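Working notes, beginning with the structure itself.
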């Protein structure tokens, strides 16, 4: 790995987004989201005694665990669903960019999924959806069908929770 100027990684990522046809507005939001992630990860590393002052110093530490912990951090801080999912999307794009540019050898955010509109504290509903998804996968159901079924059930649970006095 090589050291990259602290502004250069984010600038090159922005160029990558622009050449990929991403709108200027989305690029602006992603820049902000990546700067937010950078601040978070540098703070996490500092708490472990690692001295890192820019994103390039943090890159060797980026892995799936950090991606999942960042998602947990976003959810626990009760950001809006839209903001949380946009930040996760920006992180997935950054991970793909770093892999494409051969700065990293693995996609550390490949399994990072968006949060869903089911109340964050409703572990029971999330577990039901996960179990149902596993069941469909075991039955060799197509990925597209699984995605649609899970989205439909998720929408029903949200409607049910909003229109009834109790949660599933």
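Points to keep in mind about this one:
- Inter-residue pairs, beta-carbon under 7 Å, first under 17 Å from residue 39 (Cα atoms) and in the range 1-21, second modelled with pLDDT of 60 or more and in a loop (DSSP other than H, G, I, E, B), 6+ apart: 6/54
- Candidate set: the range 49-73, residues that are over 21 Å from residue 103 (Cα atoms) and in contact with a helix residue (DSSP H, G or I) (Cβ under 9 Å, 6 or more places away or on another chain); chosen: the one surrounded by the most Cβ atoms within 10 Å (Cβ to Cβ): 71
- Test: residue in the range 122-135 that is crowded, with 18+ Cβ neighbours inside 10 Å, in a helix (DSSP H, G or I) and free of Cβ contacts under 8 Å to residues at least 24 places away in the same chain: no
- If you go through the range 95-112 and pick out every residue that is under 18 Å from the mean Cα position of the chain (by Cα) and surrounded by 15 or more Cβ atoms within 10 Å (Cβ to Cβ), you end up with 10.
- Qualifying residue in the range 78-86 (condition: surrounded by 18 or more Cβ atoms within 10 Å (Cβ to Cβ), in contact (Cβ under 8 Å) with a residue 60 or more places away in the chain and either closer than 30 Å to residue 130 by Cβ or under 18 Å from the mean Cα position of the chain (by Cα) (or both)): no
- Helices (runs of 4 or more DSSP H) contained in the range 13-116 and holding at least 3 residues within 23 Å of residue 150 (Cβ to Cβ): 64-76, 81-100
The values are calculated or read from the model by the stated rules, or taken from the named source; none is laboratory data. Because the structure is a prediction, the values reported are computed rather than measured. Virtual Cβ from ideal backbone geometry, glycine too; neighbours counted across all protein chains shown.
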